[in-house]
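As structure tokens, the structure follows; a few thoughts come after it.
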Amino acid sequence: MILQREHEGYNWHTDDPAYLYLANTGHLPEAPAELPAFIIGRGGVGEPATRIVKLGALRFMGHGLFGASRPCGYSSTTRWTGDAYRFGIYEEPGKRVVIIRTDGSGTSAYAVDETDALATWQKLVAALPSEVLWNLCMTLSNTYRKGRADERQVVLRQFLEGKLRKRKRRGIVQAVVVNENQYRFA
């Protein structure tokens, strides 16, 4: 991946058909070298939630751009556009795939760490138009975001109800959900 910018103070952007602006990079004198990415897919189940992606190692595969405006509803004459949401699909060494999303809230990256990720996404990019890839990437990223938000609410509710305790096991601090009967004293 090659990053460039128009002028000093402007955010850096990709030099590929996705043309993704990386949020909050305008102050950097040199292009950013890495980006944190959420690990998604079957491969992310036993892994940490995020990992670092080396931008220089990414190779452009395809993009998800919204395309022409679409009706807001079945009987509506109002149309909406998704130009603010852009997706770039990149191959990463090790036969992995990284999807980068840019929108009004910033830049997010999703690392698809599965053994068949590269072959799957190569077929999708070759077969689907950019607008359909946009639909797929939007559904994928929004589903991930919704899942994280819902789980965050579960943890916050448990905290407020006093069901979370801090404990140290093998030198690692953990938060655990306690059974309310566990702390009753006779």
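The values are calculated or read from the model by the stated rules, or taken from the named source; none is laboratory data. Please read all numbers here as calculations on a predicted model, not as lab measurements. Here Cβ is always computed from backbone atoms with ideal geometry, including for glycine, and neighbour counts include all displayed protein chains. We work out accessible area using only protein heavy atoms, side chains counted, and drop any ligands, DNA or RNA first. Shrake-Rupley method; radii C 1.70, N 1.55, O 1.52, S 1.80 Å.
See the values below:
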{"quantity": "Condition broken by residue 161, with the remaining ones in (1) closer than 18 Å to residue 49 by Cβ; (2) open to solvent by 90 Å² or more (accessible area, probe 1.4 Å) satisfied", "calculated": "(1)"}
{"quantity": "Residues (under 19 Å from residue 57 (Cα atoms) and not in a loop (DSSP other than H, G, I, E, B)) located in region 113-124", "calculated": "117, 118, 119, 121, 122"}
{"quantity": "Residue match in region 115-129 (condition: touching a Phe, Trp or Tyr at 6+ places or on another chain (Cβ under 9 Å) and open to solvent by less than 80 Å² (accessible area, probe 1.4 Å))", "calculated": "no"}
{"quantity": "Tally, over region 14-42, of residues that are closer than 13 Å to residue 3 by Cα, open to solvent by 20 Å² or more (accessible area, probe 1.4 Å) and free of Cβ contacts under 8 Å to residues at least 24 places away in the same chain", "calculated": "6"}
{"quantity": "Of all residues in region 129-181 being under 30 Å from residue 89 (Cα atoms) and hydrophobic (A, V, I, L, M, F, W, C), the one that is modelled with the lowest pLDDT", "calculated": "149"}
{"quantity": "Yes/no for residue 110 being part of a helix (DSSP H, G or I) and closer than 22 Å to residue 52 by Cα", "calculated": "no"}
{"quantity": "Given (1) in a helix (DSSP H, G or I); (2) open to solvent by less than 90 Å² (accessible area, probe 1.4 Å); (3) free of Cβ contacts under 8 Å to residues at least 24 places away in the same chain, number of the condition residue 175 does not satisfy", "calculated": "(1)"}
